[in-house]
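**Q** Handing you this structure, nothing more for now.
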Ligand code: XMP
C-alpha cells in the first residue's frame, strides 16, 4: 500500500526528530493500536524504546503469551511483563459500578506503570497508540453539554504526573488505517486483524462483581465463541465479537439431573469506527451450534443468549 509506505517513512522521521536521544516507554495493552505504535517507534529509534505490558488479570485466554511471544521473540523488542492480577482483582473485589471499575483499573494501571518506569530508570517520552476517534471522543460532543458516556482510561493522566512528553504516531489514523500500517510493518495477519479490545478488559464483560472463577468461565466461553466464528470464516466480517458472563443463574437439565448455572450472552457487531454499530445477523444454525458447544465445553454455563441490540440505543460493551 503506497500511502502507508509513505506514512511509515514520514512518521519514522518525525519520531526520530521528536525523540532525539531520549528514552521512550510504551504501554502495551494486547490490542492492535499499541502494538502498531510500538513496532513503528522501535523501527525509528530501536532500543531507546522499552515496552511495558501490564497484565491486569482481565485479559482473554492466552493473551499475555501471545503478546510476549510477538514482542520478545518475533521482534526482539525489550519488554517488561508485569503480572499485576492479584493487585487489580483484589481492589476490584465487590466493585459493581461500571464507571468505578474503569476508574479503579485506570488508577491502578497508572500506579503499576509508574513503578515499572522507575525500575527501568524513567523515560523522557510516553508512547501511546491513540487513534483519531479517541482524540475526538475524549473531547466533548459538539453542540450539547459535555457528557461522558464511558470514560476511556487510555487517554490522559499519566504524562502530566510523570512529567513526560507524548509520542502518538497514530493520532491521525482510523482503525482500518492502523491495520494497513500494521501489515506494512510486517505484523502477523492474525494479530493485525484482531477485533478491538477495551482497556478495562473482561471487567466490563462481567456485569456485577468480578471473581477469578467468573473470569475463568468467561475466558473459556469467549474462546469457544471466537473459535466458532473463525471456523465459519466470519471473523473478518465482524467488527467485534465477544462473550459476556451475566450475573444470573438459571435452571437447566443435563442428563437426568437439574443444573443451576450461569448465562452467557453473545455479542457481535459490524461497525466502521465503533461510534455506531449494527448487531451481526448470524444464521440460527450457527447460534444453536455455538450455544451447544459452549454449554458442553464450559463448566458452569447452562444457557446462552444472543444480543440483538444495535448502537444506538445500546453500546457495544455491556458496561
Ligand atoms: P461502547 O461500548 O462505548 O464501545 O459502544 C465503543 C468501543 O470502545 C471500546 N471501549 C473501550 N475501550 N476503554 C477502552 O480502551 C474503555 O473503557 C472502553 N469502553 C468501551 C469498545 O470495546 C468498543 O470498541
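**Q** Report, to the nearest 10°, how far helix 212-231 tilts away from the longest principal axis of the Cα atoms in the chain, using its own Cα long axis and a range of 0 to 90°.
**A** 90 degrees
**Q** How far is it, in nm, from the label point at residue 305 to the one at residue 190 when both lie 7 Å from their Cα along the line to the Cβ?
**A** Result: 3.4 nm between the two label points.
**Q** A further question follows. Would you mind ranking 2, 239 so that the residue whose beta carbon has the fewest other beta carbons within 10 Å leads the list?
**A** 2, 239
**Q** Just the projected area, averaged over all directions, of the convex hull on the alpha carbon atoms of segment 2-192: how many nm²? Kindly include the intermediate steps, with their values, before the conclusion.
**A** Details: hull surface 47.1 nm².
Dividing the Cα hull surface by four gives the mean projection, 11.8 nm².
**Q** Given points 7 Å out from each Cα along the Cα-Cβ axis, report the residue 231 to residue 97 separation in nanometres with one decimal.
**A** 4.3 nm
**Q** Which value at 222 nm does the chain reach when only helices count, each DSSP H run of 4 or more adding -39,500 (n - 2.57), with the total divided by all residues and rounded to the nearest 500 deg cm²/dmol? Please report the intermediate quantities before stating the final value.
**A** Working: 11 runs with 128 residues, N = 319.
Calculated from helices alone, the mean residue ellipticity at 222 nm is -12500 deg cm²/dmol.
**Q** Sorting 304, 82 on the 10 Å Cβ count, fewest up front, what's the list? Write out the running numbers ahead of the final one.
**A** On the way: 304 21, 82 16.
Neighbour counts put them in this order, fewest first: 82, 304.
**Q** Could you list the residues of segment 69-85 with an amide nitrogen less than 17 Å from a label point located 7 Å from the Cα of residue 115 in the Cα-to-C-beta direction?
**A** 80-85
**Q** First check a/c for the chain, with a ≥ b ≥ c the square roots of the eigenvalues of its C-alpha gyration tensor; if it is under 1.5, answer rounded, and if not, answer prolate when a/b is larger than b/c or oblate otherwise.
**A** On the way: a/c = 1.79, a/b = 1.60, b/c = 1.12.
Verdict is prolate for the chain.
**Q** If you restrict to DSSP beta bridges whose two residues both lie in the chain, what percentage is antiparallel, to the nearest 5? Working shown, then result.
**A** Values: 15 of 36 bridges.
If I count the DSSP bridges inside the chain, around 40 percent turn out antiparallel.
**Q** To test your reading of the geometry: what angle, between 0 and 90 degrees and rounded to tens, separates the Cα axis of helix 98-119 from the longest principal axis of the chain?
**A** 40 degrees
**Q** Could you state the angle between the C-alpha long axis of helix 284-297 and the longest principal axis of the C-alpha atoms of the chain, as a value from 0 to 90 degrees rounded to the nearest 10?
**A** Compared with the principal axis, the helix lies near 90 degrees.
**Q** Please give the length that would be gained between residue 253 and residue 165 if that part of the chain were fully extended, namely 0.36 nm times their separation in residues minus their C-alpha to C-alpha distance (nm, one decimal).
**A** Numbers: separation 88, 0.36 × 88 = 31.68 nm, distance 5.83 nm.
Answer, rounded to one decimal: 25.8 nm.
**Q** Something else: Write down the radius of gyration of segment 211-306 and its Dmax, each obtained from C-alpha positions, in Å.
**A** 13.9, 48
**Q** Using the number of other C-beta atoms within 10 angstrom as an exposure proxy, rank 66, 211, 130 with the fewest first. Mind dumping the intermediate values first?
**A** Details: 66 17, 211 14, 130 23.
With the fewest neighbours first, 66, 211, 130 line up as 211, 66, 130.
Rule-based calculations on the coordinates, nothing more; no lab input. Given the structure is predicted, the values throughout are model-derived calculations rather than measurements. Here Cβ is always computed from backbone atoms with ideal geometry, including for glycine, and neighbour counts include all displayed protein chains.
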